[in-house]
1. Within segment A:1-71, list the trypsin sites (Lys or Arg not before Pro) lying in a DSSP loop whose Cβ has at most 11 other Cβ atoms in a 10 Å radius.
2. Report, to the nearest 10°, how far helix A:69-91 tilts away from the longest principal axis of the Cα atoms in chain A, using its own Cα long axis and a range of 0 to 90°.
3. At a 1.4 Å probe, which residues in segment B:18-39 are at least 10 Å² less accessible with all protein chains present than in their chain isolated?
4. At R0 = 22 Å, how high is the FRET efficiency between B:LYS39 and B:GLU102 if r is their beta carbon distance? Nearest 0.05 is fine.
5. Compute the distance from the alpha-carbon center of segment B:1-53 to that of segment A:102-160, in whole Å.
6. Can you list the aspartates and glutamates whose alpha carbon sits under 20 Å from that of B:LYS122, skipping same-chain ones fewer than 8 residues off?
7. Quick one: if you stick a label point 7 Å off each Cα along the C-beta vector at B:LYS143 and B:LEU14, how many nm between them?
8. Which FRET efficiency value, to the nearest 0.05, do you get for A:ILE188 and B:LYS3 by plugging their Cβ-Cβ distance into 1/(1 + (r/R0)^6) with R0 = 45 Å?
Amino acid sequence: MKKFELNNLTRGIWKENPIFYLMLGLCPLLAVSASLKDALGMGGAFIFVLLGSNVTIALIRKVVPAHVRIPVFIVVIATFVTIIDYSLAAFSPQVHKNLGVYLPLMVVNCILLGRAEAFASKNNVINSALDGIGMGLGFTLAILVIASIREFLGQGTLFGISVLGKNYLPFLIMIMPPGAFFVIGFLIAIKNSFGGKKNAE
Amino acid sequence: MKKKDIIKGIIVLLSVTLLSGYLLAQVYSLTKPKIEQQKKIEEERLNRDIFEEGVKFSEDNLKEIPCTAVYDINGNLIGRIFTSQVRGYGGNITIKVGFDNELKIVDVKILEHTETPGLGSKITDSNFIGQFKNKQGADLYLKTDSPTGQVDGITGATISSRAVTEGIRKLQEQLQ
């Protein structure tokens with residue numbers, strides 16, 4: 001395999017987007033996509049953890065025996081999640097509070113473990129880093145799109161700034177969990193109409 | 001599985017966890033002072049939320065219970081804020097209760113909790129926590145627990161609502 005493939009970066013953003021194509025990590029997506037600010041925090045945390053865990057796992061992939069790989073992956077992921085947990089608590093307590101339990105729950109997030117198992121444990125450091133950034137960006141992009149639709153319809157605001165004015169009657173269900181399902185469903189349908197289905201085969 | 005493989009697995013797992021532990025200890029000691037500072041800011045914000053006309057806050061105690069005394073702009077004591085920890089459904093809940101000089105509850109705020117998102121976390125909603133406002137010597141029981149109870153619990157989160165109610169009631173009893 002070549003040392004460096006840009007494809008690893010772009011794949012996660014569109015073609016194999018973790019949310020719209022792999023359908024992984026929907027739990028934090030449903031929970032924290034009601035407002036753009038929290039979504040941005042979650043996306044940032046995600047990129048950091050995914051990059052860190054992918055690089056570390058690619059670095060140690062040759063010394064880790066197959067039968068202990070899953071606990072090793074989880075320890076590596078948990079380390080990065082805890083680092084971001086402490087840092088957010090210290091520097092951005094409001095975002096930390098809103099992400100709540102979903103931040104520590106990233107430890108068992110299927111995107112992280114999935115990329116560790118499916119990609120980083122089989123590829124070199126550079127490709128794994130690219131994959132981590134790509135998948136992280138893909139997740140961030142997805143959560144930002146969903147959050148902007150939900151916040152716009154559900155509260156009439158974007159980043160907490162009123163867009164539709166005071167007379168807008170909020171479409172409340174959009175900021176509740178079912179709203180996330182509606183938006184995800186529509187977006188997946190739209191993405192598939194752009195040939196997502198063909199790529200799947 | 002060969003003995004050698006087992007030993008290799010143990011060594012790898014052990015060194016990964018040790019390294020991770022060391023790294024986290026470093027990060028923890030770096031961020032700890034900042035996190036504590038943030039907590040203090042949050043506490044002060046809540047104190048001001050409870051007593052809107054409070055200007056000066058200082059350490060105090062009443063009946064040997066430590067609390068924060070609140071003074072208004074003229075330097076008069078207008079009340080005290082007590083912090084108390086109760087056991088909720090998903091861990092400890094830290095509540096702050098503001099009493100005025102006649103031991104009337106001014107307001108209650110939740111400082112920290114780890115209740116289930118969407119259910120127990122509703123204890124921070126004003127629909128629930130606002131019920132305690134302006135109560136004085138009231139029967140602080142859930143309506144489902146006592147016929148004279150005056151507090152509406154949260155549907156699906158009885159344990160959390162009961163814990164908070166009990167915490168406030170105990171404080172009230174201790175002070176009387």
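The values are calculated or read from the model by the stated rules, or taken from the named source; none is laboratory data. Because the structure is predicted, anything quoted here is derived from the model rather than measured. Here Cβ is always computed from backbone atoms with ideal geometry, including for glycine, and neighbour counts include all displayed protein chains. SASA here: full protein model, heavy atoms, side chains in, ligands and nucleic acids out. Shrake-Rupley method; radii C 1.70, N 1.55, O 1.52, S 1.80 Å.
1. Passing sites in segment A:1-71 are A:LYS2, A:LYS3, A:LYS62.
2. Relative to chain A, helix A:69-91 is tipped by roughly 40 degrees.
3. B:SER20, B:LEU23, B:LEU24, B:VAL27, B:TYR28, B:THR31, B:LYS34, B:ILE35, B:GLN38
4. The computed FRET efficiency comes out at 0.10.
5. So the two Cα centres are separated by 22 Å.
6. In chain and number order, the partners are A:ASP38, B:GLU42, B:GLU43, B:ASP49, B:ASP107, B:GLU112, B:ASP145, B:ASP152, B:GLU166.
7. Between B:LYS143 and B:LEU14, the simple spin-label model gives 6.1 nm.
8. 0.35
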